[in-house]
Structure formats: structure tokens, C-alpha cells
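**Q** My questions all concern the structure below.
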Amino acid sequence: MIGAYLLLTNEKGIFILYFAIERKSLIDNVFMWITRFGEIGVYGVFALLFLLIRFRYTLLIALLGFVNLVLSLALKTYFACPRPGHVYWMKEYDGEISYIPGLDVNVGTTSSFPSGHTLSAFSLYFFVALLLKNKQWGLPLFIIALLVGISRIVLTQHFLSDVYAGAICGVLIAMAVYALQRLIPISPDRLIDKNLRYYIGEKP
């Protein structure tokens, strides 16, 4: 709701322009680290952790990553929206904008909409929250996904509209994959519903 309000009440590019002009090295460095939580390495971490819970969850994490990648590329290709730095305000504020040293900014490509990192983060962390029995993890997982989305704006990679669409797509994908796996009831006797602890003699 907050994201929708900001989209409706602000000119496109205003937030990314602010961060591109008002650079703070500490903020830049923090968000360069946070943005990694929307990348493929995090899928590997969760896939390994879920081997200790159920093999099916590890397979679902892999499926989720594949669906996220395919849908993200398909949407980017279909909409072909220019990245920040390649739009109307670039020339007007060219002397004031500063990019982060060493960061590869996709200024000339048409792959802005939606934000792949944001889609990935919201999809993965929402899916993990659905799988975990302790629902108190939902809030910190949401905060991580939200910060990944914000990082894409701070790092001059995406507009708020890209991030907002990515978040919605990610949540919908997670819900779809979760609903799909529920069609196959959990059975302790089925291989995919066992875990590594079962095979090393610990209580499943």
C-alpha cells in the first residue's frame, strides 16, 4: 500500500535521482552488501539447509529459482523498459549524478522492468516463510526482501515501479509454487519427504 501511494504521488525517477545525487559511502556499501540477498547464492544456502528438513523443500527451492529466472527474463524482454541513467532526467542532472565506484550500472540496457533481484528476493523469502512452522520468521524475512528492493533503487539499478512490480510477481510465484506442492501430501515414507538426518540416524 505504501509503495502504491509513493508511485501515485511522485514523479518517476525521483527516488533514484535523490540517491544518485546525495551519495553516502556508508549507505552505498551497506546496500551493495544487502543486494546480494537477492542473488543465486542465497538459493544454494536455503537448498542445503532444507536438506535437513525435507528433500522436497530443496527441490522446490530449485524449481522456484528456475521459475523466477524464466519469468523475470520473459517480462524484461516483453516490456523492454530502459534502465535508470538512460531516461529523461539523465541529461538534465548529468553533472550532479554520481555512480558508485566499481559498481556496474546498466545504464544503456532495456531490462529495467521488473526488478529481477526484487522478484527473486520476495519470491524466495516469502516461500521460505510459508514453509517454516515458526511464522515469527515472516517479519524478518519480509524486511530482508524489502531491503533488497530498496537496494536496487539506491544502487541506481531500478525505478520504484520496477521494484514494486518485482515484489508483487515474486509473492505470486511463491504462492503458486507453494500451492502446487500441497497437491502432493507429505508422507514420511516417501523419499522426497525424508531428510539427511534420517540417513545419519537422527530423529527425522
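**Q** Which of the following values of Cα Rg over 2.2 N^0.38 Å was calculated from the structure shown: (1) 0.96; (2) 1.00; (3) 1.15?
**A** (3)
**Q** For each of Thr35, Thr77, count neighbouring Cβ atoms within 10 Å of the residue's Cβ, then give the residues from fewest to most. Don't skip to the end; give the middle numbers.
**A** Numbers: Thr35 22, Thr77 10.
If I rank by nearby Cβ atoms, fewest first, I get Thr77, Thr35.
**Q** A follow-up question, please. Rounded if a/c is under 1.5, else prolate if a/b is larger than b/c, else oblate: which is region 1-53, with a ≥ b ≥ c the root eigenvalues of its Cα gyration tensor? Present the calculation step by step, with values, prior to reporting the outcome.
**A** On the way: a/c = 4.35, a/b = 1.80, b/c = 2.41.
Note, shape of region 1-53 comes out oblate.
**Q** For the chain, how many pairs of lysine residues have a Cα-Cα distance under 26 Å, where the two are 8 or more positions apart or belong to different chains?
**A** Count of close lysine pairs: 10.
**Q** About its Cα centre, what dipole magnitude does region 1-87 give when the only charges are +1 on Lys and Arg Cβ and -1 on Asp and Glu Cβ, stated in debye to the nearest 20?
**A** Dipole about the Cα centre, nearest 20: 200 debye.
**Q** Still on this structure, please answer the following. On a 0 to 90° scale, report how tilted helix 138-154 is relative to the longest principal axis of the chain, with both axes built from alpha carbons and the result rounded to the nearest 10.
**A** 30 degrees
**Q** Still on this structure: If Lys and Arg each add +1 and Asp and Glu each add -1, what is the summed charge of the other residues whose beta carbon sits under 15 Å from the beta carbon of Leu191?
**A** +3
**Q** Please list, in order along region 12-22, the HN-Hα scalar couplings obtained from phi with the Karplus expression 6.51 cos²θ - 1.76 cosθ + 1.60 (θ = phi - 60°), rounded to whole Hz, x for Gly and Pro.
**A** 4, x, 5, 6, 5, 5, 4, 5, 6, 9, 8
**Q** Can you give the angle from 0 to 90° between the axis of helix 55-79 and the longest principal axis of the chain, with both taken from C-alpha atoms, to the nearest 10?
**A** Roughly 30 degrees between the two axes.
**Q** If each residue's Cβ is checked for other Cβ atoms within 10 Å, how do Thr109, Thr156 rank with the fewest at the top?
**A** Neighbour counts put them in this order, fewest first: Thr109, Thr156.
**Q** If neighbour count is taken as other Cβ atoms inside 10 Å, put Ser98, Ser187, Ser151 in order from fewest to most.
**A** Final ranking by Cβ density, sparse to dense: Ser187, Ser98, Ser151.
**Q** Now for a different question. Take the chain, mark every one of the trypsin sites (Lys or Arg not before Pro) that falls in a DSSP loop and has at most 11 other Cβ within 10 Å, then report the longest stretch left between them, sites excluded.
**A** Within the chain, the longest run free of exposed trypsin sites (Lys or Arg not before Pro) spans 25-132.
**Q** Take Phe66 and Phe142, extend 7 Å from each Cα along the Cα→Cβ direction, and tell me the distance between the two endpoints in nm.
**A** 3.1 nm
**Q** Give me the percent relative contact order of the chain, please, defined on Cα pairs under 8 angstrom at least 6 residues apart.
**A** The normalised contact order for the chain reaches 31 percent.
Each reported figure results from applying straightforward, stated rules to the coordinates on display, with no laboratory input. What you see is a predicted model, and the numbers here were worked out from it, not measured in a lab. Reconstructed Cβ throughout: ideal geometry from the backbone, glycine too, with neighbour counts over all protein chains shown.
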